[in-house]
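Some notes on the structure that comes next.
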Amino acid sequence: MCGIVGYIGNRDACPILMEGLDRLSYRGYDSAGVAILGGEGKINICKAKGRLENLTALLGEQPIVGKAGIGHTRWATHGEPSDLNAHPHTDFSGGIAVVHNGIIENHEALRKYLKQRGCVFVSQTDTEVVAHLLRTLYEGDMKTAIIKAMGMLEGSYALGILCDAEPNRLFCVRHESPLVVGAKDGEAFIASDIPAMLSHTRDVVFLRDKELAVLSAQGMEVYDQLGEAQTPDYYHVSWDLSSAEKGGYAHYMLKEIHEQPTALQNTFKPRNTGDPQGYGWLPVTAQEARALRQISIVACGTAYHAGVFGKYVIEKLARIPVMADVASEYRYRDPVIGTDELFIAVSQSGETADTLAALREAKQRGAKVIAICNVVGSTIAREVGEQNTLFTYAGPEIAVASTKAYMTQVEMMLLIAIALGDMRGTLSTQEAQRLRREIAALPAKAEKALLTEEKLQWYASTVSQKKHVFFVGRGLDYALSMEAALKLKEVSYVFSEAYAAGELKHGPIALLQEGRLVVATLTQPQLLEKSLSNLREIKARGATILALCREDMKDRVVGEADEIIVIPSADDLLAPLLAVIPLQLFAYCMAVARGCDVDKPRNLAKSVTVE
């Protein structure tokens, strides 16, 4: 969600903070600000509603100079987007400045307590409570004050803190909200995500829950919630900053769609051992696989749609009942889960709050818990242990609308299904090997699927003003349609919905009318005749049909749709991975044609770290 940056060292802090905020702007925000400790020993603040350009303009008029500072891009949770509610926030004296990601759940009780002690509030935010609380607890040592505050704060938080009484130190602390710190050559940095500091250091530390870091020109010190010094674990970032830049593409989303062939290779390579039964990469033994009674796949948004795909393929190949659940609902329905059950948490960022809460619930109830995640060092990866985390290695995903992360999550679901099926004896080793060969061929076919872009650009230009789009499919194509509908609404703001094609007569067909656009995905030969029957029902109501099908099915589809997009032929289980590419491109082209901000859709954030 929001973005935090911080710097202390021997350079002017402001340009470094602004560079970091710009690299975090993909996360979504509605205001931005910086607080810098000047040479006169005073904290100076500049903040503005809207885009970073507004803050840049203000700083151009009134520059702030200093060698220590914190910055923030805010996504409103408490109080409307405004200059006043933008971060950083200060205490009543102006001597303590705070930036915050997360939600302080007991902020009302703390606000009441602090008002009784004479604190005057000027914003509607929960974050201002933290600044006043630190002031009331401060007795000459900010580290001690922060540790005391941690015992009083409820909820999730990543905090960057400046104190004018300790000008040579920068403080940060986290609980259930990501925070990365780094130090190099007399400088130290804090950030919500690696790209913000990657141009300065490749060696970073992911703070654990309730850990506090004290940064200075001399380096960093890390403490636990009891104030005991900790030995930080450094992680070396191997990918280049160019991986988090547009690389000549018009938008990050388009770049990441085109990166999917490589992402597919990177996900498959560590699991392609050459051993016909080499499943050591899966943290489930053959004995555990045979004893499994049920699998729960729990995630949010796009990752949940990958889980729905996983339900289909795991049940088909491994013959285990699979539940795909929305994480925000999972733990509130008192789920039935326990021993001899597998819980799979899916999250691109590894920081999704609802998914994290759900996996904790599953662990507490005795289930075996593993994760599918893209970000090494993330909270979910640490929570289940890296040995129990299946990293997708898709590389940094900057666009808010997920593309390559979804693709690799779906690929991972296939790999899990094959492994469990082989270990349980419901899939022959020969068939498992054949499917792995098919997966190895996917990247080349994905390159061909990308060639649909030009036609989709033209088609999107002809239908970009449609107000409603329906997506229909059967089986795996329905799972895919759910993700396609989400992509379109995310980036183009067109109202879109996915329906199982067989459900049309049970209500949705009432919404069909002359000119309404329906996108039909047809990759499953055994369901083709029934799907074509659905298309005829749609056509009879005057709707316009865009069909997406495999090359070996095209002759059967011609004449049933107004326009056809063709993807390479592939195994039934793998074809949806190729079909997702033109569906992503369709959403992208629609957004561009409608003049939308593709990489920063309104009201959305990349990583939802609060419930």
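The values are calculated or read from the model by the stated rules, or taken from the named source; none is laboratory data. Keep in mind that what you see is a predicted model, and the values were worked out from it rather than measured. All Cβ positions, even for glycine, are placed from backbone atoms using ideal geometry, and neighbour counts span all protein chains on display. In case anyone asks, the SASA skips ligands and DNA or RNA and just uses the protein heavy atoms, side chains included. Shrake-Rupley method; radii C 1.70, N 1.55, O 1.52, S 1.80 Å.
Computed values, structure above
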{"quantity": "Which listed residue is of a type in the set (A, V, I, L, M, F, W, C) and touching a His at 6+ places or on another chain (Cβ under 8 Å), from Val519, Val598, Val558", "calculated": "Val598"}
{"quantity": "Residue that is surrounded by the fewest Cβ atoms within 10 Å (Cβ to Cβ) [pool: residues in region 119-133 that are in contact (Cβ under 8 Å) with a residue 24 or more places away in the chain and not in a helix (DSSP H, G or I)]", "calculated": "Val120"}
{"quantity": "Residues of region 197-211 that turn out to be open to solvent by less than 10 Å² (accessible area, probe 1.4 Å) and in contact with a Gly (Cβ under 8 Å, 6 or more places away or on another chain), as a count", "calculated": "4"}
{"quantity": "Subset of region 343-363 [more than 14 Å from Tyr330 (Cα to Cα) and either touching a helix residue (DSSP H, G or I) at 6+ places or on another chain (Cβ under 8 Å) or surrounded by fewer than 23 Cβ atoms within 10 Å (Cβ to Cβ) (or both)]", "calculated": "Ser347, Gln348, Gly350, Glu351"}
{"quantity": "Residue that is in contact (Cβ under 8 Å) with a residue 12 or more places away in the chain and either of a type outside the set (A, V, I, L, M, F, W, C) or in contact with a Phe, Trp or Tyr (Cβ under 7 Å, 6 or more places away or on another chain) (or both), where the choices are Val400, Val375", "calculated": "Val400"}
{"quantity": "In region 387-410, the residues that are part of a helix (DSSP H, G or I) and surrounded by fewer than 24 Cβ atoms within 10 Å (Cβ to Cβ)", "calculated": "Gln387, Asn388"}
{"quantity": "Unique residue being open to solvent by 10 Å² or more (accessible area, probe 1.4 Å) and either part of a strand (DSSP E or B) or free of Cβ contacts under 8 Å to residues at least 12 places away in the same chain (or both) when the list is Glu514, Glu529, Glu560, Glu537", "calculated": "Glu529"}
{"quantity": "All positions within region 33-87 that are part of a strand (DSSP E or B), more than 18 Å from Asp12 (Cβ to Cβ) and open to solvent by less than 30 Å² (accessible area, probe 1.4 Å)", "calculated": "Ala48, His72, Thr73, Arg74"}
{"quantity": "Top-ranked residue of region 181-219 - restricted to ones that are in contact with a strand residue (DSSP E or B) (Cβ under 6 Å, 6 or more places away or on another chain), under 15 Å from Lys67 (Cα atoms) and aliphatic (A, V, I, L, M), ranked as modelled with the lowest pLDDT", "calculated": "Ala183"}
{"quantity": "Residue ranges of strands (runs of 3 or more DSSP E) in region 215-303 with at least 2 members open to solvent by 50 Å² or more (accessible area, probe 1.4 Å)", "calculated": "234-236"}
{"quantity": "Thr523, sole failed condition from (1) surrounded by fewer than 21 Cβ atoms within 10 Å (Cβ to Cβ); (2) modelled with pLDDT of 95 or more; (3) among the hydroxyl-bearing types (Ser, Thr, Tyr)", "calculated": "(1)"}
{"quantity": "Matching residues, region 397-456, being small (Gly, Ala, Ser) and more than 11 Å from Leu317 (Cα to Cα)", "calculated": "Ala399, Ala401, Ser402, Ala405, Ala440, Ala441, Ala444, Ala446, Ala449"}
{"quantity": "Wholly within region 421-484, helices (runs of 4 or more DSSP H) carrying at least 1 residues that are over 30 Å from Asp340 (Cβ atoms) and among the hydroxyl-bearing types (Ser, Thr, Tyr)", "calculated": "453-463"}
{"quantity": "Glu154 vs. criteria modelled with pLDDT under 95 and over 24 Å from Leu21 (Cα atoms)", "calculated": "yes"}
{"quantity": "Qualifying residue in region 240-258 (condition: under 28 Å from Gly39 (Cα atoms), without any contact (Cβ under 8 Å) to a residue 60 or more places away in the chain and not small (Gly, Ala, Ser))", "calculated": "no"}
{"quantity": "Leu504 over 19 Å from Leu573 (Cα atoms), at pLDDT below 90, open to solvent by less than 10 Å² (accessible area, probe 1.4 Å) and of a type in the set (A, V, I, L, M, F, W, C)", "calculated": "yes"}
{"quantity": "Of all residues in region 368-383 being open to solvent by less than 10 Å² (accessible area, probe 1.4 Å) and at pLDDT 90 or above, the one that is nearest to the chain's Cα centre (by Cα)", "calculated": "Cys373"}
{"quantity": "Residues of region 475-501 classified as open to solvent by 40 Å² or more (accessible area, probe 1.4 Å), at pLDDT 95 or above and under 17 Å from Leu532 (Cβ atoms), total", "calculated": "1"}
{"quantity": "Answer residue from region 134-157, given it is assigned to a loop (DSSP other than H, G, I, E, B) and either at positive phi or among the hydroxyl-bearing types (Ser, Thr, Tyr) (or both) and is farthest from the chain's Cα centre (by Cα) among those", "calculated": "Gly140"}
{"quantity": "Where Asp572 falls short, out of the listed (1) assigned to a helix (DSSP H, G or I); (2) under 24 Å from Leu442 (Cβ atoms); (3) open to solvent by 20 Å² or more (accessible area, probe 1.4 Å)", "calculated": "(1)"}
{"quantity": "Check on Asp555, without any contact (Cβ under 8 Å) to a residue 24 or more places away in the chain, under 18 Å from His468 (Cβ atoms) and either open to solvent by 40 Å² or more (accessible area, probe 1.4 Å) or of a type in the set (S, T, N, Q) (or both)", "calculated": "no"}
{"quantity": "Lone unmet requirement of (1) of a type outside the set (A, V, I, L, M, F, W, C); (2) surrounded by fewer than 17 Cβ atoms within 10 Å (Cβ to Cβ); (3) touching a Lys or Arg at 6+ places or on another chain (Cβ under 8 Å) for Tyr157", "calculated": "(2)"}
